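What follows is one structure encoded as C-alpha cells, with my remarks underneath.
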Amino acid sequence: MSVEKIYVFKLFERFWHWSQASLIIFMLVTGFEVHGSYHLFGFAKAVGYHTIAAWTLIGLWIFAIFWHFTTGEWKQYIPTLEKVEAMIKYYALGMFTHAPHPFRATQLKKHNPLQRLAYLGVMLFIGPLLWFSGWFYLFYSEWNAWGVDKYVSLEWVALFHTAGAFFMLIFLIAHLYLTTAGHTPTSHIKAMITGWEEVE
Amino acid sequence: MLKLIGGFIAGLAFIGIMAYNFASSLMFWEIPSPFGMEETVARIQQNIQNTGNGWTLAGLRNPAKAVEADGGNALPVMMVEACSTRYSGPILKDDTVRFLSILMPCKISVYKKQDGKTYIAGMNAGLMGKMFGPMVGEVMGHVAEDQAKFVIFDASKPAPPMIKGVPGAAGGAAAGGGGGC
Amino acid sequence: MLSKIKIALSTLVAGATVAALTAFATPAPAPAPAQMPANAAAPAQAAMPAATPVPAIKASNSTADHSKFKELQKTFKSAPEVTKACLTCHTEAAKQIQKTKHWTFEFINPETKQKLGKKHVINNFCTAVESNQKFCNACHIGYGWENDKFDFTAEQNVDCVVCHESTGTYRKVPGLSGHPTYKDMEFPPHSGKIVKAPDLSKVAQSVGKTSRANCGSCHFYGGGGDAVKHGDIDSSLTNPPRYLDVHMEKKGLNFSCGTCHMTSAHQVPGSRYAPTAADTKDAAPHMRGKADNSNPSTCQSCHGTKPHPAKMAKLNEHTDKIACQTCHIPEYARGQATKMTWDWSTAGKLTPEGKPITKKDSAGRNAYDSKKGDFTWEDHVIPEYVWFNGKVNYTLRETKLDPSKVVKINSFEGSASDGKSLIWPIKVFRGQQPYDSVSNTLLVPHTFGDDDTSFWSNFNWDKSLEAGMKAANAPYSGKYGFVKTEMSWPITHMVAPKADALTCAQCHSHNGRLKNVTGIYMPGRGDNNKWLDMGGWTIALLTLIGVLLHGAGRIYANRKG
C-alpha cells in the first residue's frame, strides 16, 4: 500500500470549515445557556454573543454558498447510495479487522458516501431548521408586523430551534470522532488543516 | 511510571479545581432566615447578648444606605457586629497574628435577596482560624461555637426590638468602654 | 358651624378615652394620621407638611400674588368662608370639583358598570367609610360630610386649600368630617401631641399650584397611616432622594404629581379603578396639551413605546409584553416600610383590666392594636407579577363570596393571549375581615364614634357590624365570621434610576422574578419541553458513548495486531 497525497480542501474551504466549526461550537455553548441548561457567561451576555455569532455565521454562509456555486463544488454534496452499504460495513466491522477503506478520496469526490449524506443532511435539514427557527426567534417582536403572530408561538419556535441544536450537537460528536477514521487517525484532521489528504 | 505521575498530577489538579470551586462555601456560610430583616437582626442581637463569654454588640451597619445616599438602589443589608475581648485579646497581644484584627469585630450579615427572602451569612471562623496556628485555631474555634448559637432562634419567643444605636459604637466603630473591642 | 365643631371635638375627646392613643384609619382615603402611635411621623397626616414647606410661592412664575388680594386679607372663622372668598374670583372652580371623584367618592366603571369609589368599595384595610364618615372624610376635599345628608351641591363645602395651600400648617383632622381644627387640640387623643389651628388667612394667601405635599396630605396616608396602603406612595415622596424617585428628586427633575397626572378643569387623570394597563400609542410622546382621550399619566405618554437606545434594542422588543414599571420599579416601599397584612379577626383583645393593647415589631412598627388586629410590614418589597389589561373587578358589599377561598377584593383581569395585557408589578395586600356568614357577603363595621356601638369604644363586633350595616342600609343576618381577603395594587410610582432596572437574568432564570407568570415562553426560565430536553441529552450522551466504545474497539483491535 503506497501512501500518496492529494489536495482536497482549498484555502477558502478550510477557512469556511474552521470558522464555521468554532461559530457552531460557540453557539451551542451560548445557546444552551440561553436555554437555561447552565450558567457560564450570564443570560444577557449569552444572548448577545449568540446573536453576534448568528449574524457572523449568516455572513459566512452567504460567502460559502456563493463559493460553492461559482466553483461547482456544490456537486460534492450530491447524494449517492453507491457504496453506502460498504461504508457502514467498514465502520461496523472492517475498521476492526484492518480491512481496506472502501472509498478513495479524489479531488472530484472528496467525501465518502456517508459523509455526503451526513453533510447534505446538515445543510438541508439541521441548517435550515436552525436558520428558520432562529430567524423567527431573532425577530420575535416583528411577528405582529409580519402578520404571522397568529400562526407562530415562541414556544414552538424555541422547540424547533432547540431540537436543531440537539441534532447539531449529536452530529458534532459523531463528526469529531469520525475525523479519526481516515487512513490514519489524524489524516482527515491534517487534511482539513493543510488541504492535503493522505490516501491509500 | 509515567501513568503514575500523570495520575498523580491529574489528581492534584482535580483537588485544586474542587477546592477553588468550594473555597467560598468553606470560608463562609449562608442560611435562610425564617424571619424578616429587622426581626432576624433583633433575634441575633438578643442571642449575642445571651451567649455570655464576654460578647457585646459592637455596631449595626447598613451598607445599602451608602448606595442609596449615592443615588442608587440596593436591597437591604444589615451587618450585626459583635465582639468578645475574651477572644480578641489573645490575638491582639500576639504580634505574629495581630493582622487578624482585620476580621474584627465579628460580623453576621443579614440581607434580602431577589426572591424576597431574608438570609444570614457569616465567616467560617473555625476553619479560617486553623490556618493561623494553634492559638488562633483554638480561639477561633470558640468563636465559631458561639457564632453557631447566634443563629439558633426560638420562634416561640416574641420578637425583641432591634437595637439600632450601639452606645460608643456609632457607625460600627469599635466600642469604647463597657467591654467592647 | 361652631356648634358642629364642638360636637366633633367632644366626640373625639370622649371616643378617645376608650380609643386610646391611636387614631386610626379610614378605609380608603386615608386620613390616617395617627393610626400608629408608634409611628411618630404618622400624625402628620393631612398636615405632613410642616416639616416640608412647599416649593414656595415666592419663586413662582405666577402672575398673581394671592397675599395681595383684598378678598383674602381678612380673618376667616371657618374654612368654608375661605372657599367663598376663593369662589369670588374662581367662579367655576367648585362646579368643576363637584364633578370629580375626589368630591363624589363615586366612580362608575364604564366597562364593568360596577359602582365604585370610596363611598361604595369595601377594602381590606379600614374596610368601609359608611358609618365612619366623620373620621374617614378627613380625606374628602370637602367640609361637613358626616352622614348621608351631606349636601353635595353646596359650593362653600368644597375644600380649596387642602390641595392649593403651601404653608404646610393646614391639616384636616380625622373626626372633624373634613374640617381643619379651629382651635389647638390634642391629636391623637392622649398622645400629648397638639395639632395647632391653622391661621386661615395665611393659608388662603399661600395658595398656588398643587405640590407633592398637597396630594400627599391624603394619598401618602392611605389605609390609615403613612405608607400603609400603596407601597409606592408615602411621605418619603414629599422630598424624595434620587434613588427613590428619579422623576421627583428635588435636585433633579423635581416633578410634582401633576406633571404626570396632568390635570385639566380639576379632573385628575390616572385611575386605579380603570387603569391604562397597556398604552400602545405608537406615535411616541403624546403631545402635551393636545385634546385627546389618552391618559397623560402613563410612562409611554412621555417616553413612547420604544424608549431604549439602539444598542439596547432588545429591550424595546419587550415593551409589548412588559409594563415599564416591571423593570424600572424593581422593589417598592424603598423609602419606608408598607403594611403587608392586616388581620381584623384578632382585634379586640384586652388586658385583664379591660384595656386595649398595642404591640410593636422588631423595627418598632405597630404589630398589634386592639382596635384593628395584627399587622405585618415590609420595606424593599419584591412585587408580585401578573398579566393585567386594565380591567378590575371588585367584590362589592352585595357580591356573593365563597368563604372557603381567599376572597379577591379586586381582581386584575389579563392574560398572555388577550393582546391587551402587559406583565405588571403589583402589591398584594392580604388580610382577614368580617363577613356575613349567612348571606356570604362582606360587612361594613362601625369603627369610629363615641356611641356605644363603635368597635373602638366597646370592642364588640356584634354591635359594630349591626350599626355599620344599618348605616349602609344593608341587610345583616346577625351572624359574622372572618374571611381571608386579598387586594391588588398596581405598582407605578417610585421609579428607580435606570441603572437599577432589573437585569435580564432576574427574569430569564429558574426561580426568577416572573416564575409565576403563565402563558408565555421565556428563554432561560426552564419553560423548555422536558421530553425534548431529556431525549436530546440522552441521544447526545448515547452518541458519545457509542463513539467512545467504537474508538476503544479500534484501539483494542489495533493492539491485537
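Side notes on the structure shown:
- Given (1) more than 29 Å from C:A333 (Cα to Cα); (2) among the hydrophobic types (A, V, I, L, M, F, W, C); (3) more than 9 Å from chain A (Cβ to nearest Cβ), index of the condition C:A496 fails: (1)
- The numbered conditions (1) touching a strand residue (DSSP E or B) at 6+ places or on another chain (Cβ under 8 Å); (2) buried (at least 18 other Cβ atoms within 10 Å of the Cβ); (3) of a type in the set (K, R) are all true for B:K113 except (2).
- Residue within segment B:115-126 that is assigned to a helix (DSSP H, G or I) and modelled with pLDDT of 90 or more present: no
- Any hit, segment B:102-110, residues being surrounded by fewer than 16 Cβ atoms within 10 Å (Cβ to Cβ) and either at pLDDT below 90 or over 22 Å from C:E331 (Cα atoms) (or both): yes
- Segment A:165-179: number of residues that are of a type in the set (F, W, Y) and closer than 17 Å to A:E33 by Cβ: 1
- Extreme residue, farthest from the chain's Cα centre (by Cα), among residues of segment C:105-135 that are outside any loop (DSSP other than H, G, I, E, B) and surrounded by 17 or more Cβ atoms within 10 Å (Cβ to Cβ): C:K134
- Among the residues of segment C:350-357, not a single one is farther than 30 Å from C:Q325 by Cα, more than 14 Å from chain B (Cβ to nearest Cβ), polar (S, T, N, Q) and outside any loop (DSSP other than H, G, I, E, B).
- Residues located in segment C:169-226, provided they are crowded, with 24+ Cβ neighbours inside 10 Å, closer than 23 Å to C:F69 by Cβ and within 20 Å of the chain's Cα centre (by Cα): C:S211, C:A213, C:N214
- Condition check for C:K463: surrounded by fewer than 16 Cβ atoms within 10 Å (Cβ to Cβ), closer than 20 Å to C:W344 by Cα and either of a type outside the set (A, V, I, L, M) or in the same structural domain as C:W387 (by TED's automatic domain parsing) (or both): no
- Single residue of segment B:5-48 satisfying the filter (away from every other protein chain (no Cβ under 14 Å) and touching a residue at least 40 places away in the same chain (Cβ under 8 Å)) that is surrounded by the most Cβ atoms within 10 Å (Cβ to Cβ): B:I48
- Flag: C:T485 does not match the condition of being under 32 Å from the mean Cα position of the chain (by Cα) and assigned to a loop (DSSP other than H, G, I, E, B).
- Test: B:N73 is away from every other protein chain (no Cβ under 11 Å) and outside any strand (DSSP E or B): no
Residues are listed down the side, and each one gets a yes or a no for (1) out of contact with any Pro (no Cβ under 7 Å at 6 or more places or on another chain); (2) within 14 Å of chain B (Cβ to nearest Cβ); (3) modelled with pLDDT of 95 or more:
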position: C:D234; (1), (2), (3): yes, no, yes
position: C:Q267; (1), (2), (3): yes, no, no
position: C:D282; (1), (2), (3): yes, no, no
position: C:H286; (1), (2), (3): no, no, no
position: C:T298; (1), (2), (3): yes, no, no
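- Test for B:I91: is it part of a helix (DSSP H, G or I) and out of contact with any helix residue (DSSP H, G or I) (no Cβ under 9 Å at 6 or more places or on another chain): no
- Scanning segment C:245-258 for residues that are closer than 23 Å to C:M340 by Cβ and either more than 14 Å from chain B (Cβ to nearest Cβ) or surrounded by fewer than 24 Cβ atoms within 10 Å (Cβ to Cβ) (or both) returns no hits.
- Residue tally, condition buried (at least 20 other Cβ atoms within 10 Å of the Cβ) and closer than 30 Å to B:K65 by Cα, over segment B:124-137: 1
The values are calculated or read from the model by the stated rules, or taken from the named source; none is laboratory data. Given the structure is predicted, the values throughout are model-derived calculations rather than measurements. Ideal geometry is used to build each Cβ from the backbone, glycine not excepted, and the neighbour counts take in all protein chains shown.
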